[in-house]
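Participant: This is the structure I want to talk about, given as structure tokens.
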Amino acid sequence: MKNDKYVVICDNTLDMPEEFIKENGLDMVSLYFEIDGEIHKNNEGLSNQDFYNKMREGASTKTMAANPDDLVALYKKYVSEGLAVIMISLSSGISGSYTNCELAKSYVLEEYPNAEIYVIDSLCASGGFGMLVYRAKQNMEAGLSAKENYENLEKIKHNIVHKFTVEDLKYLMRGGRISKASAIIGTLINIKPVLHVDEEGKLVALGKVRGRKKSINEMVDDMENCMGSWKDKEDLVIITHGDCEEDAIYAKELIEKKYGIKNFMIAYVSPTIGAHSGPGTLAIFFMGDKR
């Protein structure tokens, strides 16, 4: 997204609908991922649905942080035109991408010492990351300068609430989020965790619920505890899913009925995030007084 003076760029883990990305001409650096030994860039040659089907079949996955060389090239593309750059990065709490974004900035400033580059550690993931990019777009439309936009985003990123649940505990176990014993016992008694992303941008468990529908209902009910002063001005809820669109629609209908919210975006959880949460991941993102 850009105006006459600056551009907002990010990486491709923002998990927003393709229409939003195209309509806003959003330029992104791709995070690579590996599945069964094959490296992919930005889902090239592999759809989101294919990715999750491979995971269901037992495929092994690995993820990678943003490549500094790719970031340098993206920064130079705009600073060479005299534009300021706002780069929004995936949370440092779950990825090394932010460190690489800052490293790339230092390289570019050696060649373009007067360049204006703002790097934001979003402390967000998936649709929460997308929410911050959405706010950046709103700020641009409101006429904020690059610096003003950056300062506003640094402030409101702490108000982006992430709530999610997973279908299969083994993926959280692989990532070290829960123990093997907890995963086995939880699977046997149909326990579904409710998790969030905390103030440090890290994945943290909030509670456990028995049954899939109950875990979704719990997330929707708990939105009220987080919204606070944002309740009457909530203009968008983003829902992302790991190839479980029916559950995403169910959550949307619950939220619409309970809170009267009309504006939703629904999208897939990208492979970089989904590799750690697995098929059946369902996440809800909205603005609130507290995470």
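The values are calculated or read from the model by the stated rules, or taken from the named source; none is laboratory data. What you are looking at is a predicted structure, and each value in this text was computed from that prediction instead of being measured. All Cβ positions, glycine included, derive from the backbone under ideal geometry; neighbour counts span all protein chains shown.
Participant: Could you list, in sequence order, all residues of segment 34-53 that are outside any loop (DSSP other than H, G, I, E, B) and charged (D, E, K, R)?
Facilitator: Initially, segment 34-53 is screened for residues outside any loop (DSSP other than H, G, I, E, B), giving 34-35, 38-41, 48-53.
Once the filter is applied, which keeps residues that are outside any loop (DSSP other than H, G, I, E, B) and charged (D, E, K, R), segment 34-53 yields Glu34, Glu38, Lys41, Asp50.
Participant: I've got another one for you. Taking into account only those residues within segment 228-243 that are crowded, with 20+ Cβ neighbours inside 10 Å and not charged (D, E, K, R), which is nearest to Ala275 (Cα to Cα)? Spell out the reasoning first.
Facilitator: Within segment 228-243, the first condition is being crowded, with 20+ Cβ neighbours inside 10 Å, and the residues that meet it are 237-243.
Filter again for not charged (D, E, K, R), leaving 237-242.
Details: Val237: 23, Ile238: 20, Ile239: 18, Thr240: 14, His241: 12, Gly242: 10 Å.
Checked segment 228-243; the qualifying residue nearest to Ala275 (Cα to Cα) is Gly242.
Participant: Continuing with the same structure: Restricting attention to segment 129-177, which residues are crowded, with 21+ Cβ neighbours inside 10 Å, more than 19 Å from Ile216 (Cα to Cα) and either in contact with a Lys or Arg (Cβ under 7 Å, 6 or more places away or on another chain) or at pLDDT below 85 (or both)?
Facilitator: Scanning segment 129-177 gives Leu132, Ala146, Leu153.
Participant: Going through segment 95-113 one residue at a time, which ones are assigned to a loop (DSSP other than H, G, I, E, B) and surrounded by fewer than 16 Cβ atoms within 10 Å (Cβ to Cβ)? So that I can check it myself, show each step before the final result.
Facilitator: Taking segment 95-113 first, the residues assigned to a loop (DSSP other than H, G, I, E, B) are 95-96, 112-113.
Once the filter is applied, which keeps residues that are assigned to a loop (DSSP other than H, G, I, E, B) and surrounded by fewer than 16 Cβ atoms within 10 Å (Cβ to Cβ), segment 95-113 yields Gly96, Tyr112, Pro113.
Participant: Inspect all residues belonging to segment 54-74 and state whether any of them is farther than 22 Å from Cys244 by Cβ, assigned to a helix (DSSP H, G or I) and touching a residue at least 60 places away in the same chain (Cβ under 8 Å).
Facilitator: Scanning segment 54-74, I find at least one residue that is farther than 22 Å from Cys244 by Cβ, assigned to a helix (DSSP H, G or I) and touching a residue at least 60 places away in the same chain (Cβ under 8 Å), so the answer is yes.
Participant: Please go through segment 75-94 and pick out each residue that is assigned to a loop (DSSP other than H, G, I, E, B), in contact (Cβ under 8 Å) with a residue 40 or more places away in the chain and not hydrophobic (A, V, I, L, M, F, W, C).
Facilitator: First, pick out the residues of segment 75-94 that are assigned to a loop (DSSP other than H, G, I, E, B): 80-83, 90-94.
Restricting the remaining residues to those that are in contact (Cβ under 8 Å) with a residue 40 or more places away in the chain gives 83, 90-94.
Answer for segment 75-94, where residues must be assigned to a loop (DSSP other than H, G, I, E, B), in contact (Cβ under 8 Å) with a residue 40 or more places away in the chain and not hydrophobic (A, V, I, L, M, F, W, C): Ser91, Ser92, Gly93.
Participant: Go through segment 199-291 and tell me which helices (runs of 4 or more DSSP H), entirely inside it, have 2 or more residues that are in contact (Cβ under 8 Å) with a residue 40 or more places away in the chain. Before you say what the answer is, go through the steps one by one.
Facilitator: Numbers: elements: 212-227, 245-259, 271-277.
In segment 199-291, 212-227, 271-277 are the helices (runs of 4 or more DSSP H) which contain 2 or more residues that are in contact (Cβ under 8 Å) with a residue 40 or more places away in the chain.
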